[in-house]
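Structure first, commentary second.
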Amino acid sequence: MRKLVIIPTYKEIENISKIINAVFALEGEYNILVIDDNSPDGTADKVKELQQEFPQRLFMIQRSGKLGLGTAYLTGFKWALEKDYDYIFEMDADFSHSPDDLPRLLAACTEGGADMSIGSRYCNGVSVVNWPIGRILISYFASVYVRKVLGFKIYDSTAGFICYSRKVLETMKLDEVRMKGYGFQIEMKYTAHKLGFKIAEVPVIFINRKEGTSKMSGSIFGEAFWGVMKLRFRRF
């Protein structure tokens, strides 16, 4: 059972070594693919250093610029399918997603029968630490909005901590995924749902980053808002 954790990076020099070592410390041999968008702070150089220590487990794709979260993951998904991985994870570099939860997401698929599992902040109340109240409200009500507009019974549709089984990504037409920012997370989950895959939510505690800076922007929310309306009328 081959497992790959995809970690997109842009200016994550404070976190990248620590997150890589934390994932590699887990039992079960998780591999990592870093997708770096030409970070000016030396993130990619640090990954190259670590590749000398983990040549069979740590991989990197360097891109020419900041091209968006969605395109980073799509690049990683295609790479993972080409390399015959069975389970593919999305995870942030900043420890807002705990590496210790990766086995729980995997178990929801391998033992619980899900095709895709979500590390959910909202399926068991609100499990967010050190986030400004404004960010919590925006994130929480974004998922409420998605449920109302799409009739989609997922509590955390904007979550970025995901485990996909290979068959989910193989079935999707990845070249037709349209949203590039955080709306990408909604589109991927809703598409999997419409294709008939079983999705499980696994409660996790989301902890706001301690180091580095957030990449969130108003345009990201605007894309997600209007993108959800378009999803409502898309054929699958």
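Between residue 198 and residue 147, the C-beta separation translates, for a Förster distance of 25 Å, into a calculated FRET efficiency of about 0.90.
Rounded to the nearest 5, what % of DSSP beta bridges with both residues in the range 3-231 are antiparallel? Working shown, then result.
Numbers: 7 of 31 bridges.
That works out to approximately 25 percent antiparallel.
Taking the 0 to 90 degree range and rounding to the nearest ten, how far is the long axis of helix 218-231 tilted relative to the main principal axis of the chain, both from C-alpha atoms? The two axes meet at around 50 degrees. Bridging of residue 167 to lysines at a Cα separation below 27 Å is possible for 3, 78, 83, 153, 180, 189, 194, 198, 230, once same-chain residues fewer than 8 apart are set aside. Just check the range 1-78 against the gyration tensor rule for me: Cα atoms, a ≥ b ≥ c as the square roots of the eigenvalues, rounded for a/c under 1.5, and otherwise prolate or oblate depending on whether a/b exceeds b/c. Oblate.
What the Cβ-Cβ distance of residue 49 and residue 232 gives, at R0 = 45 Å and to the nearest 0.05, is a FRET efficiency of 0.45.
Site-free segments of the chain were taken between GluC sites (Glu not before Pro) in DSSP loops having at most 15 other Cβ atoms within 10 Å, sites themselves excluded; the longest one is 112-210. Sparse packing (at most 12 other Cβ atoms within 10 Å of the Cβ) combined with a DSSP loop state is found for the following trypsin sites (Lys or Arg not before Pro) in the range 113-186: 153, 173.
In this simple spin-label model, placing a label point 7 Å from the Cα along the Cα-to-Cβ direction at both residue 133 and residue 104 gives a separation of 2.7 nm.
Applied to the range 118-130, the Karplus parametrisation 6.51 cos²θ - 1.76 cosθ + 1.60 on θ = phi - 60° returns per-residue 3J(HN,Hα) values of 10, x, 9, 7, 10, 7, 9, x, 10, 10, 10, 10, 6 Hz, with x for Gly and Pro.
In the chain, if the dipole is taken from +1 on Lys/Arg beta carbons and -1 on Asp/Glu beta carbons about the Cα centre, which of 64, 181, 108 is farthest to the positive end? So the residue furthest toward the plus end is 181. Computed across the range 68-114, the Kirkwood hydrodynamic radius from all distinct Cα-Cα pairs reaches 12.1 Å.
Within the shell of other residues whose beta carbon sits under 13 angstrom from the beta carbon of residue 205, the net charge comes to -1, with Lys and Arg scored +1 and Asp and Glu -1.
Phi angles of the range 62-74 translate, via the Karplus equation with coefficients 6.51, -1.76, 1.60 and θ = phi - 60°, into HN-Hα couplings of 9, 10, 6, x, 7, 9, x, 4, x, 5, 4, 5, 4 Hz per residue; Gly and Pro are given as x. Given 225, 122, 160, which one lies farthest toward the positive end of the charge dipole of the chain, if we put +1 on the Cβ of every Lys and Arg and -1 on the Cβ of every Asp and Glu? My answer, from the dipole projection, is 225. Dipole magnitude for the chain: computed about the Cα centre from +1 point charges on Lys and Arg Cβ and -1 point charges on Asp and Glu Cβ, it is near 1080 debye.
Projecting the Cα atoms of 8, 28, 50 onto the dipole axis of the range 3-231, where Lys and Arg carry +1 and Asp and Glu carry -1 at the beta carbon, places 8 farthest toward the positive end.
The distance from the alpha carbon centre of the range 22-45 to that of the range 86-165 is 21 Å, rounded to a whole number.
Bear in mind that the values in this text are calculations on the coordinates, not laboratory data. Quantities reported herein were computed from a predicted structural model and do not represent experimental measurements. Note: ideal-geometry Cβ built from the backbone for every residue, glycine included; neighbour counts use all protein chains shown.
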